[in-house]
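The values are calculated or read from the model by the stated rules, or taken from the named source; none is laboratory data. Bear in mind the structure is a predicted one, so any value in this text is a computation, not a measurement. Note that we place each Cβ from the backbone using ideal geometry, even for glycine, and neighbour counts take in every protein chain shown.
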Amino acid sequence: MRRIGDAPIVRRLLIGAALLLSALFLLLPLVAIFAQAFSQGVAVFWANVSNTFTLHAIGLTLVIALMTIPICLVFGVALAWLVTRFSFPGRRILQTLIDIPFAVSPVVAGLIYLLLYGRNGWIGSWLDTHDIQLMFAWPGILMVTIFVTCPFVARELIPLMQAQGSREEEAAVTLGASGWTTFWRVTLPNIRWALLYGIILTNARAVGEFGAVSVVSGAIRGQTNTLPLHLEQLYQDYNAVGAFASAALLALIALLTLAAKAGLEWRASRREAFS
Amino acid sequence: MSQLAFWRSGSTRVLPGFGLSMGISVLFISLVLLLPITGLFGQLANLSLAEYFAIITEGRVVASYMVTIGAAAVAALVNAVFGLLLAWVLVRYEFPGKRLLDALMDLPFALPTAVAGITLATLYAGNGWVGNIIEPMGFQVAYTWVGIALAMAFTSIPFVVRTVQPVLEDLPAEVDEAAMSLGATDGVAFRRVIMPHLWPALVTGTGLAFVRSLGEFGAIIFIAGNMPYETEITALMIFVKLQEYDYAGASAIASVVLFVSLALLLAINIWQGRFVRRLHGGKG
């Protein structure tokens, strides 16, 4: 039986339009990043990447991402367990609250942290008298990065754990397994791929966050400059090739993220086909 | 056994970990999400109502609302059409490169916004690949309002595609077969049979894209040109005030942005909840 839009002309027209627009709108920018980064040759690209300040920015960015991931992971799993395995008043409110970081502008996110923990804030002024500085230093970068990335793991897990239901876990518990055993042996194997994808998304956003970090970092070269801030400085200094060298590194992480997603989806669809 | 009986009788909570997961979740949400917002209100408390209104209705700030809302609306509408087309093509047709196209859809989410920003600015500048073709034809994109809308559209396209796609996938083939066998043309069948199923998801996706565009910063500032009154977005106004150490001004504008985005988020959630409930016969 024929379906809507099956006529060969309609079909070719729509596919053609989708491919053309995607190529111009999405693929062209991706190609441009690498073309710009390598526009003066591999040696210049390498010199830009291995520059002291770039290396420091790469290091700081990776350390922040590595510290963000476990924190978001614990929170994401706890929240997903809570809202999918129990029903209690306020469950819907928790699920709405978790979306706040997606709706709030990154600049506003940075600002609210700066106001609270900066020298004039009510926590910041107390910290200041004890010589603890969080803002314009790496802890501030870490704090806002956690803010902007915390929904990803929970957002990946909640629909999956809701769909799977809690029967397997209930069976394990009624057969005498402890809570942790149930989690490690029953829950975790069921959610590991969604968990992995949540981590990949958290990492991609943590590595690339710009707006929130630029408010709280102070962007001191060689000290509090993350890779996105570093590339902004290079770009403003009219060093486009240098900026795009850093951009290419970040784009590479983005491409790996997309590849991982495609791989995980392919896996899931193959499993579905077999079962 | 008595323990089990206790669980069964008092509540439906067979599984352990309620206290622990509740503790972690509430602690985290309070410390990370809610506590910092009190800092904003603390700062606002230093302002009188008159001062507050003077800041948020200042000419340059109002101009930035207009630019931001206008560009975000255009970007969201363009994405509604483009996103619907992409979702349709990805679900309904088989063609070479489909996998790649599908993977490419998430690029704007995966690519850091600052990278998108400098890339779009470079492409559309007068000497860029696209700019040196379109500028002689009289289209200026970089450093104009159009550039802002373009950057917003780029960063928010996945919202529409990824919201519409699953709904379209779940639509059974009988739906269009019935329409076609009753003699409807493609256009009529799409409008009258497919769209009623699709539009709740399309509105949700477009709404999310709009909210995201209102707050976007990194992708926009490079291509915007940032001319006061003309191409300054509201997020940049907050940033400018901060660089002038005008924390009160920054907070006042931020409170407007925060209020609007949270109100929109709530509206989308309520709208989505209602539509899910209707689909599941009130069980939601």
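Taken over region B:10-25, the criterion of being surrounded by 15 or more Cβ atoms within 10 Å (Cβ to Cβ), over 30 Å from the mean Cα position of the chain (by Cα) and not aromatic (Phe, Trp, Tyr) is satisfied by B:VAL14, B:LEU15, B:PRO16, B:GLY17. Of the residues contained in region A:116-138, one or more are found to be in contact with a Pro (Cβ under 8 Å, 6 or more places away or on another chain) and aliphatic (A, V, I, L, M).
Does B:GLY83 qualify as being more than 22 Å from A:GLN36 (Cβ to Cβ), within 18 Å of the chain's Cα centre (by Cα) and not basic (Lys, Arg)? Yes, satisfied. Residues in region B:122-143 that are assigned to a helix (DSSP H, G or I) and either at the interface with chain A (Cβ under 8 Å from one of its Cβ atoms) or hydroxyl-bearing (Ser, Thr, Tyr) (or both): 3 in all. B:LEU265 meets all of the listed conditions (1) within 8 Å of chain A (Cβ to nearest Cβ); (2) farther than 29 Å from B:LEU150 by Cβ but one, namely (2). Residues that are within 10 Å of chain A (Cβ to nearest Cβ) and either surrounded by 15 or more Cβ atoms within 10 Å (Cβ to Cβ) or out of contact with any Cys (no Cβ under 6 Å at 6 or more places or on another chain) (or both) number at least 3 in the following helices (runs of 4 or more DSSP H) confined to region B:26-105: B:35-44, B:59-92, B:98-104. Got at least one residue in region A:124-142 being more than 21 Å from B:GLY215 (Cβ to Cβ), at the interface with chain B (Cβ under 10 Å from one of its Cβ atoms) and either assigned to a helix (DSSP H, G or I) or not polar (S, T, N, Q) (or both)? The answer is yes; a qualifying residue exists.
Scanning region B:222-252 for residues that are among the β-branched types (Val, Ile, Thr), more than 9 Å from chain A (Cβ to nearest Cβ) and not in a loop (DSSP other than H, G, I, E, B) gives B:ILE223, B:VAL240.
Of note, B:PHE154 satisfies the criterion of being at the interface with chain A (Cβ under 10 Å from one of its Cβ atoms), surrounded by 16 or more Cβ atoms within 10 Å (Cβ to Cβ) and aromatic (Phe, Trp, Tyr). Of the residues making up region A:102-123, those that are within 7 Å of chain B (Cβ to nearest Cβ), part of a helix (DSSP H, G or I) and modelled with pLDDT of 90 or more are A:PRO106, A:VAL107, A:VAL108, A:LEU111, A:ILE112, A:TYR113, A:LEU115, A:LEU116.
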